[in-house]
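Asks: One structure, pasted below without further comment.
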Amino acid sequence: GKNPLIVFISSWGMNKWEYAVPAHDFAKRGYTVISYTARGFWGSGGQINLAGSLDMADVSTVLDWALANTNADVNRIGLSGISYGGGMSLLAAAHDTRVKSAASMSCWVDMARSFLGNGESIRKEAVRFLQGLAYLTGEVSDDLTELFDDYFHNKDLDFLYTFTYNSSAVNYLDQLNTNKPAIFIANAFSDSLFTPDQFPYEFYDKLTVNKHLEYAPGDHAGPELPGLLGLPDQVWKRAGDWMDYYVRDAKTDLISSMAPIVFNVFDSSDIEAYNTWGDVTNQFATFSLDTNEVLTATAVVKKSQDATPLATITTGHNAGIWGGIAFITATVRAIIEQPLHFTLGLLKRQNAAVFVSSPFSSTQRIRGTAKLHLELIPQTASNGTIVMYLLDVDALTGESKLITFAPWTFKNAVVGQVLSLDAEITMTSYDIPARDSLALVIQTHDPLFLDQNPDKAQLSFLSGSTLSLPLHA
């Protein structure tokens with residue numbers, strides 16, 4: 001009889017052999033499986049289209065070929081992939097009504113927000129890696145060359161927004177709801193490229209299809225790598241169960257009982273299930289940034305009229321804290337269950353503002369996106385970038401463990417005047433043990449990002465600045 005069909009789309013810089021192991025597993029379960037190399041890579045033909053209209057036409061052509069040349073069932077078709085292939089699987093489900101399900105891993109939903117989120121901060125290290133892979137393994141179009149050039153020179157960013165509009169599933173919500181494919185998405189909390197916050201909550205909430213979203217510790221493609229190598233992998237297992245249920249029509253309780261949202265907690269075997277985004281963060285703890293570099297827990301925040309700085313830092317130099325190496329550090333740290341460690345006392349205080357809370361009397365279960373409101377004065381430059389880090393300060397050793405971090409860029413501020421800035425620190429899932437403290441570190445340079453700070457400019461942080469910590473009680 002006819003077989004269910006699953007099509008794997010290669011990741012950026014990879015080829016059709018990327019999914020050899022999972023393809024074999026799916027074939028053993030009765031699927032016809034096709035894996036193909038995306039347009040422009042490894043001699044597949046054409047030029048890299050950045051998941052544009054030509055790529056969408058390619059997906060439909062592959063489906064046409066499969067239906068004409070194999071025993072694939074037109075009524076049972078699924079798409080899957082990691083990274084580039086994952087994003088294209090989700091997009092193609094909006095473009096081709098034959099797709100019954102998409103299992104997208106380490107994917108993007110909003111490409112412009114991925115590249116230019118956090119106040120249009122430039123993700124230097126991650127995007128340089130993409131650029132290098134493109135030139136090494138593919139045929140790069142003139143438009144993509146221009147996009148890379150503008151991005152790294154921080155100019156004409158409107159072109160990037162325009163160029164990537166058709167490459168973002170967030171702009172095809174209506175088509176997805178009309179086509180009704182079952183959507184499975186799995187991403188990493190510390191993804192250097194497609195951070196969790198590029199996935200707008202409102203997009204997920206407005207999807208009226210069968211859907212599942214999960215996050216795990218690690219970096220880009222890290223949670224899915226074991227499955228590619230034939231090792232046990234919970235992401236691939238759940239993706240396979242999802243395809244069995246919605247494409248192979250093997251109805252099981254595994255999927256019917258699967259929660260819409262799943263968080264895998266760092267340094268824990270716990271898997272937490274939530275029904276809505278509102279269930280993830282059910283309260284915020286608010287802290288004021290106070291004198292003597294203290295984070296003071298507070299219920300009411302009053303805007304201070306005192307312009308005396310709490311801290312003043314100098315730009316252009318790293319203070320001794322960083323987010324690691326793109327695509328590598330967070331995944332390795334997730335595997336060994338050890339976050340990056342720093343000693344606050346060794347940080348160069350002329351280049352970093354450090355605020356530390358009192359020890360907590362109970363475990364603080366951080367779930368979601370922290371929000372930082374800053375009252376600051378750019379003393380010498382109207383443009384600049386800050387990088388914010390949240391750390392768990394160990395009560396016994398005094399060492400600080402990195403929880404999450406994010407850059408934020410401001411532009412066209414008035415030198416010498418107060419700038420009110422509202423920034424977000426990348427979503428995470430982390431438990432601060434009782435008796436530990438929370439630290440907020442703000443500096444202006446991390447090798448991961450192309451900061452917009454002139455050398456030796458100064459930033460002053462004022463009272464009235466607050467940190468809102470997302471918690472699940």
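The values are calculated or read from the model by the stated rules, or taken from the named source; none is laboratory data. In this text, all values refer to a predicted model and were calculated from it rather than measured experimentally. Cβ: placed from backbone, ideal geometry, glycine included. Neighbour counts: every protein chain shown. Ligands, DNA and RNA are excluded from the accessible area calculation, which covers all protein heavy atoms including side chains. Shrake-Rupley method; radii C 1.70, N 1.55, O 1.52, S 1.80 Å.
Asks: Conditions first: (1) surrounded by fewer than 20 Cβ atoms within 10 Å (Cβ to Cβ); (2) within 22 Å of the chain's Cα centre (by Cα); (3) of a type outside the set (A, V, I, L, M). THR298 passes all but one, so which condition is the exception?
Replies: With (1) surrounded by fewer than 20 Cβ atoms within 10 Å (Cβ to Cβ); (2) within 22 Å of the chain's Cα centre (by Cα); (3) of a type outside the set (A, V, I, L, M) applied to THR298, the lone miss is (2).
Asks: Need pairs with beta-carbon distance below 6 Å; first residue over 16 Å from PHE26 (Cβ atoms) and touching a residue at least 12 places away in the same chain (Cβ under 8 Å) and within the range 82-103, second among the aliphatic types (A, V, I, L, M) and open to solvent by 10 Å² or more (accessible area, probe 1.4 Å); sequence gap 6+ or separate chains.
Replies: Once the first residue is over 16 Å from PHE26 (Cβ atoms) and touching a residue at least 12 places away in the same chain (Cβ under 8 Å) and sits in the range 82-103, its partners that are among the aliphatic types (A, V, I, L, M) and open to solvent by 10 Å² or more (accessible area, probe 1.4 Å) give SER83/ALA221; ALA92/MET56; HIS95/MET56.
Asks: Name the residue that is nearest to THR164 (Cα to Cα), counting only residues in the range 66-78 that are open to solvent by less than 50 Å² (accessible area, probe 1.4 Å) and not aliphatic (A, V, I, L, M).
Replies: For the range 66-78, the residue satisfying everything is GLY78.
Asks: Under the condition of being more than 18 Å from VAL294 (Cα to Cα) and not in a loop (DSSP other than H, G, I, E, B), which residue from the range 429-458 is most open to solvent (accessible area, probe 1.4 Å)?
Replies: Among them, the one singled out is GLN458.
Asks: Can you list the strands (runs of 3 or more DSSP E) found entirely within the range 253-365 that contain at least 3 residues being under 30 Å from ILE185 (Cα atoms)?
Replies: Counting at least 3 such residues, we get 261-264, 271-274, 283-290.
A quick yes/no check of all residues on (1) in contact with a Leu (Cβ under 7 Å, 6 or more places away or on another chain); (2) surrounded by fewer than 23 Cβ atoms within 10 Å (Cβ to Cβ); (3) among the aromatic types (Phe, Trp, Tyr); (4) assigned to a strand (DSSP E or B):
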| residue | (1), (2), (3), (4) |
| --- | --- |
| GLY87 | no, no, no, no |
| ALA112 | yes, yes, no, no |
| PHE115 | yes, no, yes, no |
| ASN118 | no, no, no, no |
| GLU125 | yes, yes, no, no |
| TYR135 | no, yes, yes, no |
| LEU144 | yes, yes, no, no |
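Asks: Give me the pairs, please: first residue somewhere in the range 168-194 and assigned to a helix (DSSP H, G or I), second residue anywhere and basic (Lys, Arg), beta-carbon distance under 6 Å, and either six or more positions apart or on two chains.
Replies: Final answer for the pair search is LEU173/LYS206.
Asks: Name the single residue, out of those in the range 50-65 being open to solvent by 40 Å² or more (accessible area, probe 1.4 Å) and not aliphatic (A, V, I, L, M), that is farthest from LYS100 (Cα to Cα).
Replies: The residue in question is SER53.
Asks: So if I check each of GLY81, GLY46, GLY1, GLY30, which one is open to solvent by less than 10 Å² (accessible area, probe 1.4 Å) and either outside any loop (DSSP other than H, G, I, E, B) or not hydroxyl-bearing (Ser, Thr, Tyr) (or both)?
Replies: Of the residues listed, the single one that is open to solvent by less than 10 Å² (accessible area, probe 1.4 Å) and either outside any loop (DSSP other than H, G, I, E, B) or not hydroxyl-bearing (Ser, Thr, Tyr) (or both) is GLY81.
Residues checked against (1) more than 30 Å from ASN264 (Cβ to Cβ); (2) within 30 Å of the chain's Cα centre (by Cα); (3) surrounded by 19 or more Cβ atoms within 10 Å (Cβ to Cβ):
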position: ASP290; (1), (2), (3): yes, no, no
position: ALA311; (1), (2), (3): yes, no, yes
position: THR343; (1), (2), (3): no, yes, no
position: ARG349; (1), (2), (3): yes, yes, no
position: GLN364; (1), (2), (3): no, yes, yes
position: LEU374; (1), (2), (3): yes, yes, yes
position: GLY398; (1), (2), (3): no, yes, no
